[in-house]
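Engineer: My structure is below; once you've seen it, I'll send some questions.
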Amino acid sequence: MRKMGSVPIFETVSCLDGYDPDALHVDKAREAMRACITPIAATESVPIRSALGRVLAENIVPRINVPSHDNSAMDGYAVRFADLDKPLTEIGAALAGRPFAGKMDAGQCVRIMTGAVMPAGSDTVVIQEVVKREGNRIVVPPGQKRAQNVRYAGEDLKIGVPVLEPGKWLRPAEVGLIASLGMGEVRVKRKLRVAFFSTGDELASIGTALKEGEVYDSNRYTLHGMLERLGVEITDLGVVRDDPAQLEAAFRKAAAADAIITTGGVSVGEADFVRALMAKLGEVLFWKIAMRPGRPMAFGRIGDAFLFGLPGNPVAVMVTFHQFVRDALLHLSGRRDDYAIPLLRATAAENLRKVPGRTEYQRGVLFLDSGTWKVKITGQQGSGVLRSMSEANCFIVLEHERGAVKAGELVQVQLMEGLA
Ligand code: AMP
Ligand code: MG
């Protein structure tokens, strides 16, 4: 039941240069997902306080100037620059919200406070600290500049000049900016709906006793946390046994969402029917990505929902989420700003093992050492060692072509702080 006009996945990805599902470069995987995903169209209007973290769906074009009048940037005196060589007579005061009603003539000045409208006839503000005052006469020292300390109408936002475009992610600054235009509501994309479940016969749910050979399902909790930080609506479908009927039922329920995330069941050694079932229910590609951790991954579509079939290993889940799912979901949500996670440079504090031919996301600790940012790994780097994520504050991103790293070389890092 694919939506009219939705992109056929296989045809789209097989047209990409250098597409090789059995040794897919990480950049290609990201590109392939983006190529297949059309951002959601539905929008809604929300009060601006609720707009934080949402994706803007309209052009914001000011209908007023901000500020609306020329005003003072400092506490001091509003003057005419041409008069400054003579003593001036103070004829009144202008306060924020209480403009000076009269007009200033030659040789006059007005006491003015920050934010107050510039009195008619004035063009410059002299700060109060430098002025000499005797009664209502003031003397201004030389060295002032014409128009100093004046904020002009429209200096922040100008009538008719677009300021925010659709696709912009709304942070506190944007919410404030929209408020400064007097708007109480704003149109945003509707929130994404994401359903997820864990697969595996070995998984025990929290609250049950662990039987021999079982592990508690932690992936659903890391996923829940990462999705919550992305600001999507979450449907947690629990643990699903490696059983065709249960899996099929779970997929059918999940397909009501915009995206489905599963963990486990996509590696080659897995009970193959998980893969077979995904393939039966929709159009799903199985990739071996040239990366570590997180090599196997499924991507496709079941009904109208995009499917991200992540590996089962807890670290692989988090890495593939950060590197692919986050990007794909933000694209799906309608974001058009640059949301790629920045790559920064730091000095390797120790030798790092690496083989060319895959991108590695080692878990690292970035630290300041006598003014230089250095990075070391968190110890055991196995893809099942979730502690390595907890101890880390960054990923050390070792590029595809790169071999072993020697202490002292520069490496790329991505900060985890602020990420999902
Ligand atoms: P799989 O990709 O299904 O072969 O799983 C790979 C490894 O990850 C196995 O050791 C699983 O026990 C483990 N694993 C799979 N799913 C989970 C989960 N939800 N929570 C914790 N560990 C898991
Ligand atoms: Mg499994």
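Engineer: Within segment 185-228, track down each residue that is among the aliphatic types (A, V, I, L, M), more than 14 Å from ligand 2 (Cβ to nearest atom) and open to solvent by less than 30 Å² (accessible area, probe 1.4 Å).
Structural biologist: Step one: list which residues in segment 185-228 are among the aliphatic types (A, V, I, L, M), which gives 186, 188, 192, 194-195, 203-204, 206, 209-210, 215, 223, 226-227.
Then drop every residue that is not more than 14 Å from ligand 2 (Cβ to nearest atom), which leaves 186, 188, 192, 194-195, 206, 209-210, 223, 226-227.
Correct list: VAL186, VAL188, LEU192, VAL194, ALA195, LEU223, MET226, LEU227.
Engineer: Please verify whether segment 298-310 includes one or more residues that are in contact with a Phe, Trp or Tyr (Cβ under 9 Å, 6 or more places away or on another chain), within 29 Å of MET389 (Cα to Cα), open to solvent by 50 Å² or more (accessible area, probe 1.4 Å) and away from ligand 1 (no atom under 12 Å from the Cβ).
Structural biologist: No, segment 298-310 has no match at all.
Engineer: May I ask you to verify whether GLY384 is in contact (Cβ under 8 Å) with a residue 40 or more places away in the chain and not in a loop (DSSP other than H, G, I, E, B)?
Structural biologist: Considered against the rule, which asks whether it is in contact (Cβ under 8 Å) with a residue 40 or more places away in the chain and not in a loop (DSSP other than H, G, I, E, B), GLY384 comes out as no.
Engineer: So ARG295 clears everything in (1) out of contact with any Lys or Arg (no Cβ under 6 Å at 6 or more places or on another chain); (2) modelled with pLDDT under 95; (3) of a type outside the set (S, T, N, Q) except one condition, right? Which one?
Structural biologist: ARG295 satisfies every listed condition except (1).
Engineer: Among the residues in segment 121-128, are any open to solvent by less than 60 Å² (accessible area, probe 1.4 Å) and out of contact with any strand residue (DSSP E or B) (no Cβ under 6 Å at 6 or more places or on another chain)? It would help to see each step written out before you state the result.
Structural biologist: Of all residues in segment 121-128, those open to solvent by less than 60 Å² (accessible area, probe 1.4 Å) come to 121-127.
From what's left, out of contact with any strand residue (DSSP E or B) (no Cβ under 6 Å at 6 or more places or on another chain): 123.
Yes, segment 121-128 contains a residue that is open to solvent by less than 60 Å² (accessible area, probe 1.4 Å) and out of contact with any strand residue (DSSP E or B) (no Cβ under 6 Å at 6 or more places or on another chain).
Engineer: Follow-up. Within segment 167-177, does at least one residue satisfy the condition of being surrounded by 18 or more Cβ atoms within 10 Å (Cβ to Cβ) and within 16 Å of ligand 2 (Cβ to nearest atom)?
Structural biologist: Checked segment 167-177: no residue is surrounded by 18 or more Cβ atoms within 10 Å (Cβ to Cβ) and within 16 Å of ligand 2 (Cβ to nearest atom).
Engineer: Another one. Here is a list of conditions, (1) within 14 Å of ligand 2 (Cβ to nearest atom); (2) open to solvent by 50 Å² or more (accessible area, probe 1.4 Å); (3) among the charged types (D, E, K, R), and ARG292 meets all of them except one; can you say which number that is?
Structural biologist: Every listed condition holds for ARG292 apart from (1).
Engineer: Give all pairs with beta carbons closer than 8 Å in which a residue from segment 289-313 that is of a type in the set (Val, Ile, Thr) meets a residue that is within 15 Å of ligand 2 (Cβ to nearest atom) and assigned to a loop (DSSP other than H, G, I, E, B); count only pairs at least 6 apart in sequence or on separate chains.
Structural biologist: So the pair list comes out as ILE289/ARG295.
Engineer: With the condition kept exactly as written, say whether any residue in segment 39-49 is closer than 30 Å to LEU95 by Cα and of a type in the set (Val, Ile, Thr).
Structural biologist: Within segment 39-49, one or more residues are closer than 30 Å to LEU95 by Cα and of a type in the set (Val, Ile, Thr).
Engineer: Determine, yes or no, whether GLU399 is surrounded by fewer than 20 Cβ atoms within 10 Å (Cβ to Cβ) and touching a strand residue (DSSP E or B) at 6+ places or on another chain (Cβ under 7 Å).
Structural biologist: On the way: surrounded by fewer than 20 Cβ atoms within 10 Å (Cβ to Cβ): yes; touching a strand residue (DSSP E or B) at 6+ places or on another chain (Cβ under 7 Å): yes.
So GLU399 passes the test.
Engineer: Now a separate question. Conditions first: (1) modelled with pLDDT of 95 or more; (2) aliphatic (A, V, I, L, M); (3) open to solvent by less than 50 Å² (accessible area, probe 1.4 Å). ALA420 passes all but one, so which condition is the exception?
Structural biologist: (1)
Engineer: Continuing with this model, one more query. Quick one: in segment 241-286, of everything that is among the aliphatic types (A, V, I, L, M) and assigned to a strand (DSSP E or B), which residue is surrounded by the fewest Cβ atoms within 10 Å (Cβ to Cβ)?
Structural biologist: Step one: list which residues in segment 241-286 are among the aliphatic types (A, V, I, L, M), which gives 245, 247, 249-250, 254-257, 259-261, 266, 268, 271, 274, 276-279, 281, 284-285.
Still in the running and assigned to a strand (DSSP E or B): 259-261, 284-285.
Working: ALA259: 23, ILE260: 28, ILE261: 28, VAL284: 20, LEU285: 24.
Among those that are among the aliphatic types (A, V, I, L, M) and assigned to a strand (DSSP E or B), it is VAL284.
Engineer: To continue, here is another question. Take the conditions open to solvent by 20 Å² or more (accessible area, probe 1.4 Å), hydroxyl-bearing (Ser, Thr, Tyr) and within 14 Å of ligand 1 (Cβ to nearest atom) and apply them to SER180. Does it pass?
Structural biologist: No: the conditions fail for SER180.
Engineer: Within segment 253-288, can you find the residues that are of a type in the set (A, V, I, L, M), under 20 Å from TYR19 (Cβ atoms) and away from ligand 2 (no atom under 16 Å from the Cβ)?
Structural biologist: Result: ALA279, VAL284, LEU285.
Engineer: Here's a follow-up. Of everything in segment 241-273 that's over 16 Å from PHE299 (Cα atoms) and near ligand 1 (Cβ under 10 Å from one of its atoms), which residue is modelled with the highest pLDDT?
Structural biologist: Per the criteria, the residue is ASP242.
Engineer: Continuing with the same structure: Return the residues of segment 194-237 that are in contact (Cβ under 8 Å) with a residue 60 or more places away in the chain, hydroxyl-bearing (Ser, Thr, Tyr) and assigned to a strand (DSSP E or B); say none if nothing qualifies.
Structural biologist: SER198, THR199
Engineer: What residue, among those in segment 29-56 that are open to solvent by 30 Å² or more (accessible area, probe 1.4 Å) and in contact with a Lys or Arg (Cβ under 7 Å, 6 or more places away or on another chain), is farthest from PHE100 (Cα to Cα)?
Structural biologist: ALA42
Engineer: While we're looking at this one, here's another question. For LYS354, all conditions in the list (1) open to solvent by 10 Å² or more (accessible area, probe 1.4 Å); (2) within 16 Å of ligand 1 (Cβ to nearest atom); (3) in contact with a Leu (Cβ under 7 Å, 6 or more places away or on another chain); (4) not in a strand (DSSP E or B) hold save one; what is the number of the exception?
Structural biologist: Unmet condition: (2).
The values are calculated or read from the model by the stated rules, or taken from the named source; none is laboratory data. Keep in mind it's a predicted model, so treat the numbers as computed, not measured. In this analysis, Cβ positions are derived from the backbone assuming ideal geometry, glycine residues included, and neighbour counts consider all displayed protein chains. These accessible areas exclude ligands, DNA and RNA; they are computed on the full protein's heavy atoms, side chains included. Shrake-Rupley method; radii C 1.70, N 1.55, O 1.52, S 1.80 Å.
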